[in-house]
Amino acid sequence: MKPLLLLLLALLLKLPAAGPPAVHVTFSPLTKAAYQAAQKGAVVTKPTVTFPLKKVRGRIVIPTTKGQKVFTDVIIDDAAIKKGHSEDELTTYTYLGYRPDFKCHLVHVQLYEIGQWLLVDASGKVLELWGEPIFSPDLRRIIVTCMGIEYGGGQPNILQLLEMRNGLLQSVWEMEPKTWEPYRICWTSANTLLLSKEMWTGKNPGSTFTYAKLTIH
């Protein structure tokens, strides 16, 4: 059958467009004792890092297939304040190297009160992360967490999962819990993580912890 006829048939039947399967993450509650025992199997993975770039006069220049990606520090000193600038504008970038396993550069950006991590791929696409990336044992995934409830909205309360698909690193799952913060997380295998949750409900918010195993399907 010709490609055009196949396309028309798919439209008539209302078939969903082809694409990668969805990522599902399930939470299994753990007791504190079970969590502590499972922590002994935590796996810390450090990917290969190369440092081909250096900051020059406050600028990081990353070459991409679509031109240069430039990150320039914004320094707010006394002279800048006298000109009407605010300390909130302070922005500094630190180049943390190229990760060949994920085909991207890692840049840390420090804002006035919060920080972010940026992943820059070969095309110049930038993925914004709200925490330091934690790499899976098989170097196919990255988990990121950020605690934001106590901070009062200045940064999100979020878990982010990224995955290598067809040679590209993509965001495949996010969660923004409303009643707990992701206090601590670690990998125990390529598909499982351990999570400590700081609860923000009840009479003593922020003083109670619960635990879970996360399984990626």
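The values are calculated or read from the model by the stated rules, or taken from the named source; none is laboratory data. Please read all numbers here as calculations on a predicted model, not as lab measurements. Note that we place each Cβ from the backbone using ideal geometry, even for glycine, and neighbour counts take in every protein chain shown. What goes into the accessible areas is simple: the full protein's heavy atoms, side chains included, and nothing from ligands, DNA or RNA. Shrake-Rupley method; radii C 1.70, N 1.55, O 1.52, S 1.80 Å.
Which residue is modelled with the lowest pLDDT, if the candidates are limited to region 1-26 and must be under 30 Å from LEU139 (Cβ atoms), open to solvent by 70 Å² or more (accessible area, probe 1.4 Å) and not small (Gly, Ala, Ser)? Here the residue is PRO20.
Considering the conditions (1) aliphatic (A, V, I, L, M); (2) touching an Asp or Glu at 6+ places or on another chain (Cβ under 8 Å); (3) farther than 24 Å from ASN191 by Cβ; (4) touching a residue at least 24 places away in the same chain (Cβ under 8 Å), ILE114 is excluded by exactly one of them, (2).
Taken over region 72-85, the criterion of being part of a strand (DSSP E or B) and farther than 16 Å from TYR112 by Cα is satisfied by no residue. Report yes if some residue within region 55-74 is acidic (Asp, Glu), at pLDDT below 95 and closer than 30 Å to LEU96 by Cα; otherwise report no. No, because not a single residue in region 55-74 is acidic (Asp, Glu), at pLDDT below 95 and closer than 30 Å to LEU96 by Cα. Test GLY41 against the criterion of being open to solvent by less than 90 Å² (accessible area, probe 1.4 Å) and either on the phi > 0 side of the Ramachandran plot or at pLDDT below 95 (or both), and give yes or no. Considered against the rule, which asks whether it is open to solvent by less than 90 Å² (accessible area, probe 1.4 Å) and either on the phi > 0 side of the Ramachandran plot or at pLDDT below 95 (or both), GLY41 comes out as no.
The set of residues in region 141-170 that are among the hydroxyl-bearing types (Ser, Thr, Tyr) and modelled with pLDDT under 95 contains only TYR151. Take the residues of region 189-210 that are of a type in the set (S, T, N, Q) and touching a strand residue (DSSP E or B) at 6+ places or on another chain (Cβ under 6 Å): which is farthest from THR31 (Cα to Cα)? Here the answer is ASN191.
Just checking, does region 41-53 include any residue being part of a strand (DSSP E or B) and of a type in the set (D, E, K, R)? No. Within region 176-217, the set of residues being open to solvent by 60 Å² or more (accessible area, probe 1.4 Å), assigned to a strand (DSSP E or B) and either under 15 Å from MET147 (Cβ atoms) or at pLDDT below 95 (or both) comprises TYR183, ARG184, THR208, PHE209. Considering PRO137, PRO133, PRO156, PRO182, the condition of being in contact with a strand residue (DSSP E or B) (Cβ under 7 Å, 6 or more places away or on another chain), over 21 Å from HIS108 (Cα atoms) and in contact (Cβ under 8 Å) with a residue 24 or more places away in the chain is satisfied by PRO137 alone.
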